[in-house]
1. Out of the residues in segment 20-37 meeting the condition of being of a type in the set (D, E, K, R) and touching a strand residue (DSSP E or B) at 6+ places or on another chain (Cβ under 8 Å), tell me which one is nearest to Arg8 (Cα to Cα).
2. Name the single residue that is surrounded by the most Cβ atoms within 10 Å (Cβ to Cβ) among those in segment 26-42 being in contact with a helix residue (DSSP H, G or I) (Cβ under 7 Å, 6 or more places away or on another chain) and in a loop (DSSP other than H, G, I, E, B).
3. Mind checking which residues of segment 1-25 are of a type outside the set (S, T, N, Q), surrounded by fewer than 10 Cβ atoms within 10 Å (Cβ to Cβ) and part of a loop (DSSP other than H, G, I, E, B)?
Amino acid sequence: MSKASESRLTDYLSRYHRLGKAGLGLISKESDPKDKMRTHLN
């Protein structure tokens, strides 16, 4: 699975979809304050 596909899928599962549409709200995504390239999924 490509990184772009992973990003789209996690956006869909989170509160906000990538195009500003509502997502499913099943997970939350948070940026890592120490490493901006990482995202924590809860």
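1. To start, the set of residues in segment 20-37 that are of a type in the set (D, E, K, R) comprises 21, 29-30, 32, 34-36.
Checking the rest, the ones that are also touching a strand residue (DSSP E or B) at 6+ places or on another chain (Cβ under 8 Å) come to 29-30, 32.
Working: Lys29: 12, Glu30: 15, Asp32: 19 Å.
Going through the qualifying residues, I end up with Lys29.
2. Initially, segment 26-42 is screened for residues in contact with a helix residue (DSSP H, G or I) (Cβ under 7 Å, 6 or more places away or on another chain), giving 26-27, 29, 41.
Restricting the remaining residues to those that are in a loop (DSSP other than H, G, I, E, B) gives 26-27.
Values: Leu26: 10, Ile27: 14.
The selected residue is Ile27.
3. In the first step, residues of segment 1-25 are kept if they are of a type outside the set (S, T, N, Q); the result is 1, 3-4, 6, 8-9, 11-13, 15-25.
Retained after the next criterion (residues that are surrounded by fewer than 10 Cβ atoms within 10 Å (Cβ to Cβ)): 1, 3-4, 19-22.
Answer for segment 1-25, where residues must be of a type outside the set (S, T, N, Q), surrounded by fewer than 10 Cβ atoms within 10 Å (Cβ to Cβ) and part of a loop (DSSP other than H, G, I, E, B): Met1, Leu19, Gly20, Lys21.
No lab work stands behind these numbers, since they all come straight from the coordinates. These figures come from a predicted structure and were not determined experimentally. Counting neighbours? That spans all protein chains shown, and the Cβs are built from the backbone with ideal geometry, glycine included.
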